[in-house]
2 protein chains.
Amino acid sequence: MIQGNLVIGQSGGPTQVINNSLVGVIHEAIQQKTIGGVYGMLNGIAGLLAGKLIDLARESDETLARLRRTPGAALGSVRYKVKPDDYEKIIAVLRAHNIRYFIYNGGNDSMDTAHQVHLAAQALGYELVAVGVPKTVDNDLVHTDHCPGYGSAARFVALALRDSGRDTEAMGRSSPVKIVEIMGRNAGWLTAAAALGRDEPGDAPHLIYMPERPIDDEQVIAAVDRMVSARNHCVIALSEGAVPDTGLEEVDAFGHKMKGGAADYLAALIGHRLGLKVRLDKPNYLQRSFSATISTVDAEEAYRVGRAAVQAAVHGQSDVMITLVRRPGADYFCETGTAPLAEVANAEKLLPAEYIAPTGDDVMPAFIDYARPLIGEPLPPLGRLAKYPVS
Amino acid sequence: MIQGNLVIGQSGGPTQVINNSLVGVIHEAIQQKTIGGVYGMLNGIAGLLAGKLIDLARESDETLARLRRTPGAALGSVRYKVKPDDYEKIIAVLRAHNIRYFIYNGGNDSMDTAHQVHLAAQALGYELVAVGVPKTVDNDLVHTDHCPGYGSAARFVALALRDSGRDTEAMGRSSPVKIVEIMGRNAGWLTAAAALGRDEPGDAPHLIYMPERPIDDEQVIAAVDRMVSARNHCVIALSEGAVPDTGLEEVDAFGHKMKGGAADYLAALIGHRLGLKVRLDKPNYLQRSFSATISTVDAEEAYRVGRAAVQAAVHGQSDVMITLVRRPGADYFCETGTAPLAEVANAEKLLPAEYIAPTGDDVMPAFIDYARPLIGEPLPPLGRLAKYPVS
């Protein structure tokens, strides 16, 4: 293989474990004889274009160890949409630094960027290996069992719904409905993870609404009414994408019209039609940043896909993304594989129909089997009083 | 002391550790010879009025052990405002069950209820000991160093601001402002805890707004502008009570006017005046229910005030609330004490001026010294790249 330097960039929304992939890349790259310098782009491809490169091989072991439990993209992320004539400049920067290994960590937009860099290098006759490392809490990339980042965000969601369920149950009829709004505009993977906190029948969440099955107002009203009648409370996991049309626009304090969110719409609907008090939790970006819910499995896999990307690169496998491939059998384990960047870039993996209950407001056991290993250690079990009556 | 049964009730908003106090009461009560039955009211005083009592002494050790990490009020909570003529009925129920020990766990409304029960028993010549156990994430009760429940919610807030800060920093200029809305309409204790996640100068949160110093629009705009200019991002911890007038009402999807929240107001203000993209995290009730942030110190103290309440009761100390009294010296430890219920019931402890920075948008080191021990184990340290430039 060609001797040269390596560069790694982080792109798109960060996750709790994104820096595990960065550390995996660094650890593997410094061991590879064909790799000289191990560089980082500050703020992704925009930083590369501006020549903002740092020397990652000089970072201390303690820094790298700490980064493995540090949320947010340590290199800085970016949402820059690369323009067609940027690619020539990108190759010029790579050439100037003798960078022969280009590793890009992100979602499908980032995989497209990596693919375009690969094509540009080919077109310009510059020998380069471009490899993608998957990352997204949305879990919507094709060709991989799941995406690093999903497991930790899913652990947050499972805990949030379970624990918020106990809070709501305790308050009973005085404020019987709780809606927790979950990230994921198109794909319901993260919202579905709300079911992973259930221990017993009747546990929260009682209704789960995913973008793959947009809500029907009448069905929701009937379901909430039934749940509150049965148990005095109702806890709803609602994807931000499960209400495609949130109706009338809201007007903010400065008279600007703005679209109301999914949870606001549903709360207004339930209040309007059932006269019930509704409370909202909107953890938003905490779902992807809260370090107390890092999944040990997710962190380890994120690290491993980083190492695998460098291994693939030194073997000359350009234009691929590293994938996770679940080994058959009872014991959960994922090996790494590869998939063509272009195929990942142009596709989106939604929740398959067999993971969604026919009623459209819950998940199927097959989803639980799929997702439970990804959130790491079992959630510490909660208690519940037996409530023996006083004679 | 008089031989009789004990009853315990939980009231008001639950906390992560409220069931530790319940278990503390049960463990202590079953050891006391003067106490016969150990009963629980379902849904607080409303349950007592309805005669809904359960036998807590029959609960298994495993249930009690699990309850020590279970958020939400295991007995069910209540927001019922006791009416003057309810008290005679309450005493009648207590008399019918030979209940001589009345333990009530809650905030200042609950302390008032316990006080009124004490007075009613006296007036009706029924021998009864009424003891309050403090509980509130707002930390606003007088006569106690702090309230059980505060430390765990404060740990959530500290982690949320720290971790969300890394997420916001990574995104940089593309969405530079993050507002995390924190509970506490009148008291800023919980919002102030946002500062406990800082490690180094420049760490999030960059601005902290507490109800004790309501925001001034012009000052906020100037401060946010300065922060974004200096570091490309700005993370704000905003108490829900720091914006006393959120201006124009919002109109929901069904045409109902509703008051916008503090974070919505501030986001609209910053967007309107500075043209910056603002993102919001509103964890709301997760702050008081998320079990992954239970503070070991808080859980232990909540348990201990439960035990202390029973000890005080069997010593005949009626009409008191158990308090936490900080021992002087470098090593943190709180002993338990007592304070008159009536004094706690009618007062609210706000953040003292010496804990608030003169600028009104930060806390003073004295607050950090006060609050840091309460959140338990030190937060696992995060990492940050040294960012050595490529030569």
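Listed values, structure above:
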read-out	value
Subset of region A:365-391 [on the phi > 0 side of the Ramachandran plot and surrounded by 18 or more Cβ atoms within 10 Å (Cβ to Cβ)]	A:GLY376
Pick from region A:177-204, criterion more than 22 Å from A:ASP138 (Cβ to Cβ) and modelled with pLDDT under 95, ranking: nearest to the other protein chains (Cβ to nearest Cβ)	A:ASP199
Tally of residues being among the small types (Gly, Ala, Ser), surrounded by 24 or more Cβ atoms within 10 Å (Cβ to Cβ) and more than 7 Å from chain A (Cβ to nearest Cβ) across region B:159-176	1
Residue count, region B:232-245 (criterion: surrounded by 15 or more Cβ atoms within 10 Å (Cβ to Cβ) and either part of a helix (DSSP H, G or I) or not small (Gly, Ala, Ser) (or both))	8
Qualifying residue in region A:59-69 (condition: away from every other protein chain (no Cβ under 14 Å) and out of contact with any Pro (no Cβ under 7 Å at 6 or more places or on another chain))	no
Check on B:ASP216, surrounded by fewer than 24 Cβ atoms within 10 Å (Cβ to Cβ) and not hydroxyl-bearing (Ser, Thr, Tyr)	yes
Scope region A:37-48; condition at the interface with another protein chain (Cβ under 9 Å from one of its Cβ atoms) and in a strand (DSSP E or B); matching residues	A:GLY37, A:TYR39, A:GLY40
Candidate set from region A:54-73 (those that are in contact with a helix residue (DSSP H, G or I) (Cβ under 9 Å, 6 or more places away or on another chain) and under 21 Å from A:LYS33 (Cβ atoms)); member that is surrounded by the fewest Cβ atoms within 10 Å (Cβ to Cβ)	A:ALA57
Residues located in region A:145-165, provided they are of a type in the set (S, T, N, Q) and under 13 Å from the mean Cα position of the chain (by Cα)	A:SER152
Verdict on B:ALA330 being free of Cβ contacts under 8 Å to residues at least 12 places away in the same chain and either in the same structural domain as B:GLY36 (by TED's automatic domain parsing) or under 30 Å from A:LEU379 (Cβ atoms) (or both)	yes
A:ASP225 vs. criteria surrounded by fewer than 24 Cβ atoms within 10 Å (Cβ to Cβ) and more than 25 Å from A:LYS349 (Cα to Cα)	yes
Test result for B:ALA262, at pLDDT 95 or above and either within 27 Å of the chain's Cα centre (by Cα) or closer than 30 Å to B:TYR150 by Cβ (or both)	no
Single residue of B:GLY306, B:GLY383, B:GLY329, B:GLY337 found to be within 14 Å of another protein chain (Cβ to nearest Cβ) and not aliphatic (A, V, I, L, M)	B:GLY383
Single unsatisfied condition, A:VAL325 versus (1) in contact (Cβ under 8 Å) with a residue 12 or more places away in the chain; (2) within 28 Å of B:MET171 (Cβ to Cβ); (3) among the hydrophobic types (A, V, I, L, M, F, W, C)	(2)
Scope region A:165-213; condition assigned to a helix (DSSP H, G or I), among the hydroxyl-bearing types (Ser, Thr, Tyr) and touching a strand residue (DSSP E or B) at 6+ places or on another chain (Cβ under 6 Å); matching residues	A:THR168, A:THR191
Any chance A:GLY51 is in a loop (DSSP other than H, G, I, E, B), within 13 Å of chain B (Cβ to nearest Cβ), surrounded by fewer than 24 Cβ atoms within 10 Å (Cβ to Cβ) and out of contact with any Pro (no Cβ under 6 Å at 6 or more places or on another chain)	yes
Answer from B:ASP167, B:ASP199 - the residue that is without any contact (Cβ under 8 Å) to a residue 60 or more places away in the chain and of a type outside the set (S, T, N, Q)	B:ASP167
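Every residue, every condition in (1) closer than 23 Å to A:GLY107 by Cβ; (2) modelled with pLDDT of 95 or more, yes or no:
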{"residue": "A:CYS234", "(1), (2)": "no, yes"}
{"residue": "A:ALA237", "(1), (2)": "yes, yes"}
{"residue": "A:PRO244", "(1), (2)": "yes, no"}
{"residue": "A:ALA253", "(1), (2)": "no, no"}
{"residue": "A:VAL278", "(1), (2)": "no, yes"}
{"residue": "A:VAL297", "(1), (2)": "yes, yes"}
{"residue": "A:ALA309", "(1), (2)": "yes, yes"}
{"residue": "A:VAL314", "(1), (2)": "no, yes"}
{"residue": "A:MET321", "(1), (2)": "yes, yes"}
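For (1) buried (at least 23 other Cβ atoms within 10 Å of the Cβ); (2) touching a helix residue (DSSP H, G or I) at 6+ places or on another chain (Cβ under 6 Å); (3) outside the structural domain of A:GLY316 (by TED's automatic domain parsing); (4) over 20 Å from A:ALA302 (Cβ atoms), each residue gets a yes or a no:
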position	(1), (2), (3), (4)
A:ILE91	no, yes, no, yes
A:HIS97	no, no, no, yes
A:TYR101	yes, yes, no, no
A:TYR104	yes, yes, no, no
A:HIS115	yes, yes, no, yes
A:LEU119	no, no, no, yes
A:LEU124	no, yes, no, yes
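The values are calculated or read from the model by the stated rules, or taken from the named source; none is laboratory data. Owing to the predicted nature of the structure, the values given are computational and were not obtained by experimental measurement. Counting neighbours? That spans all protein chains shown, and the Cβs are built from the backbone with ideal geometry, glycine included.
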